[in-house]
Amino acid sequence: MKELHNDSWKHRGSSVIFNQQTLLPFISSQVSLREALSWSKNLPSASPFNSKTILIIGLETILETSEPKDAENFLLKRVQPLLRHLQSHWDSIGIVLGFNCGPKSFEISVHDESLNYLRGGKTLINISNGLWDGSAPSNMMQIYDNVDLIGYHVSRIS
């Protein structure tokens, strides 16, 4: 899998970030998943924040509390269309899906390099296909801050 060692993810595409220190600078441009989903119907003409990065929180809760199949459907039918919609209107904004868990809650499938969320320490939910479509494994990059893995990024959903 490709690695990303710069901050281009902050200005374009969408990312899953689980490093709390990395998320701190985006607190002022934080929005709940519920509010972000409302943008699907009423998108502001420009980002409501004075930032090139929007932090969306709340997805982790959905993944933890929904049945795995329901969570995958939610990603595919609600979150992926939102990401597509935001990217088509705000192409120079980075969308960050913030998580409180650490890197051990994510696993790359050896079979197809898809990104899985390890729910409750045992149940895998494929989030890369739901968030970024079937081409995610070939387009997804691991984001590193110096030597530490801080998340995953896709520049654009095809």
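Structure notes:
- Equivalent-ellipsoid semi-axes of the range 2-154, from the Cα gyration tensor, Å, largest first: 22, 18, 15
- Net charge over other residues, Cβ less than 15 angstrom from the Cβ of residue 142 (K, R count +1; D, E count -1): -4
- Only beta bridges with both residues in the chain are counted; by DSSP, about 50 percent of them are antiparallel.
- Among the lysines of the range 2-154, pairs that are 8 or more positions apart or on different chains and have alpha carbons within less than 20 Å of each other number 7.
- The range 1-125, relative contact order [Cα under 8 Å, separation at least 6], %: 36
- Positive minus negative residues near residue 51 (Lys, Arg vs Asp, Glu; Cβ under 14 Å): +2
No lab work stands behind these numbers, since they all come straight from the coordinates. Bear in mind that the values here come from a model prediction, so they are computed numbers and not experimental data. Using ideal geometry, Cβ is built from the backbone for each residue, glycine included, and neighbour counts are taken over all protein chains shown.
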